[in-house]
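**Student:** Let me begin by handing over the structure; questions about it come next.
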Amino acid sequence: MRHSIHTGLRATAASGALLALAACGNDSTDNGDGEVQELTVLHAPINYEAVYVAEREGYFEEVGLEVDIRPGGTAQDNLGQLAGGSVDLSIISWDAAVSATQEGVPIKVISSNAVISEEFDTSGVFVREDSDIESMGDLEGRTIAFNSVGSGGNVPVLQALEADGVDADSVTQVSLPFASMEAALENDQVEAVFPSDSYFHQISANDDYRSISHPSREFRGGLPITLWAGTEEWLEENPDTAEQFNEAMTRAIEFYEDADNREAILEIRSEVSEQEIDEVDWEFIPFNISVDTEVAQRTTEALDEFGIVDDPKSVDDILWEGAPRH
């Protein structure tokens, strides 16, 4: 069954493709031997820990990079900045990569970042504690809020709806920033929300709300939540710099996964999120620089099934030739 879902991502991707890419990348980047390479990267509001580890622990410096790290927004917004040449590398989602490359935006994924755990949840569908909604099957005719309507990230929820016998088209989807979801539930503006990462943990800790499903783990376990990408032109001109970045991020992930470094990671979360240390002690999402091509292919097929894309490129076509994969 195919569903026609309007997606702002396509509009963003299409407009991004029209932007002048000739100036893409940082003009001061120099790939000469022994030279320090200047690099500008854009991260998402989630899964930012490893890139700051690479900066603070000196891993970027060790591989010969001087990195300007900038906070970004949604995958669609980040994609627009990447395509427009404002940054060299950016965090996007697999869904954004599939949709953008189908629309002709010349980008390639160079590595994975954070990965959807197959053991614990970092996103879910929540309702009010006093709601009569007990399962995904009760959402028919109801309203659910997503961070971005029409994006591929919604597809696991749509899959969960149909698995419970609900026509996904019968559910009204509205767009809300993660930070506004809890208030929207409290004020009865929506009947369900789909928060992720820190916002998931914040709402989980509130007894006024309860989760009814965790579609991402069920349908996408092992898929990168976020990935690093660059334009084809930049990668053709700076393949060594991309390799250096991946090397530094590999070291950063090793640091992140070491339990002895937990306090350092919490400090990064506290600083970036502007929350107290005791408010950011949520689950440590797994990171992996390699892309799981099998789950990426299944996800791409689901995006096609639900009308997010019509003729997606293959996983190999979306990945940069130097991208680690397994």
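**Student:** Could you say whether any residue in region 263-279 is within 30 Å of Glu140 (Cβ to Cβ), assigned to a helix (DSSP H, G or I), in contact with a helix residue (DSSP H, G or I) (Cβ under 8 Å, 6 or more places away or on another chain) and not basic (Lys, Arg)?
**Tutor:** no
**Student:** Restricting the search to region 208-228, which residues are in contact with a Phe, Trp or Tyr (Cβ under 8 Å, 6 or more places away or on another chain) and in a loop (DSSP other than H, G, I, E, B)?
**Tutor:** Matches in region 208-228: Leu223 only.
**Student:** Same structure again: Filter region 280-326 down to the residues that are in contact with a Leu (Cβ under 7 Å, 6 or more places away or on another chain) and in a helix (DSSP H, G or I) and list them by number.
**Tutor:** Hits for region 280-326 are Val295, Ala296, Thr299.
**Student:** Let me ask another. Condition test on Ile212, is it surrounded by fewer than 22 Cβ atoms within 10 Å (Cβ to Cβ) and assigned by TED's automatic domain parsing to the domain that holds Pro156?
**Tutor:** Considered against the rule, which asks whether it is surrounded by fewer than 22 Cβ atoms within 10 Å (Cβ to Cβ) and assigned by TED's automatic domain parsing to the domain that holds Pro156, Ile212 comes out as yes.
**Student:** Just name the residue that is surrounded by the fewest Cβ atoms within 10 Å (Cβ to Cβ) out of those in region 307-320 that are touching a residue at least 24 places away in the same chain (Cβ under 8 Å) and over 18 Å from Gly153 (Cβ atoms).
**Tutor:** Looking at residues that are touching a residue at least 24 places away in the same chain (Cβ under 8 Å) and over 18 Å from Gly153 (Cβ atoms), I get Asp311.
**Student:** With the requirement that a residue be touching a helix residue (DSSP H, G or I) at 6+ places or on another chain (Cβ under 6 Å), aliphatic (A, V, I, L, M) and within 11 Å of Phe146 (Cα to Cα), what does region 168-191 give you?
**Tutor:** Hits for region 168-191 are Leu176, Val190.
**Student:** In addition: Of everything in region 188-207, what is within 18 Å of the chain's Cα centre (by Cα) and not in a helix (DSSP H, G or I)? Give them in sequence order.
**Tutor:** Residues satisfying the conditions are Val193, Phe194, Pro195, Ser196.
**Student:** Going through region 164-187 one residue at a time, which ones are more than 24 Å from the chain's Cα centre (by Cα), surrounded by 13 or more Cβ atoms within 10 Å (Cβ to Cβ) and not acidic (Asp, Glu)?
**Tutor:** Answer for region 164-187, where residues must be more than 24 Å from the chain's Cα centre (by Cα), surrounded by 13 or more Cβ atoms within 10 Å (Cβ to Cβ) and not acidic (Asp, Glu): just Val166.
The values are calculated or read from the model by the stated rules, or taken from the named source; none is laboratory data. Since we're looking at a predicted model, the values are computed, not measured. Note that each Cβ is placed from the backbone with ideal geometry, even for glycine, and that neighbours are counted across all protein chains shown.
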